[in-house]
């Protein structure tokens, strides 16, 4: 996962269709409406990024707390002038 001033970019060599297939996801900063820390029975350190049209789940972070804080502080807070989702 990469953060820029305008978007979040996720790149992986794995995807749902094949074990080794390229996945490139770009989420524009202006499209993000919610960021949440999530967990389930399989993954206890997920992040959810919600847009008007989709919800994206990211797992297996080395440091989910730091990643969450960076996303909220650097991308979201600057856009809205506040922290609008704190979990």
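The numbers here are math on the coordinates, done by the rules we state, and not lab data. What you see is a predicted model; the values in this text were computed from it and never measured. Here the Cβ is made from the backbone with ideal geometry for all residues, glycine too, and neighbour counts use every protein chain on show.
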| Evaluated at q = 0.21, 0.28 Å⁻¹: base-10 log I(q)/I(0), Debye formula over Cα of the range 2-80 | -1.05, -1.47
| How do 62, 70 line up, fewest other C-beta atoms within 10 Å first? | 62, 70
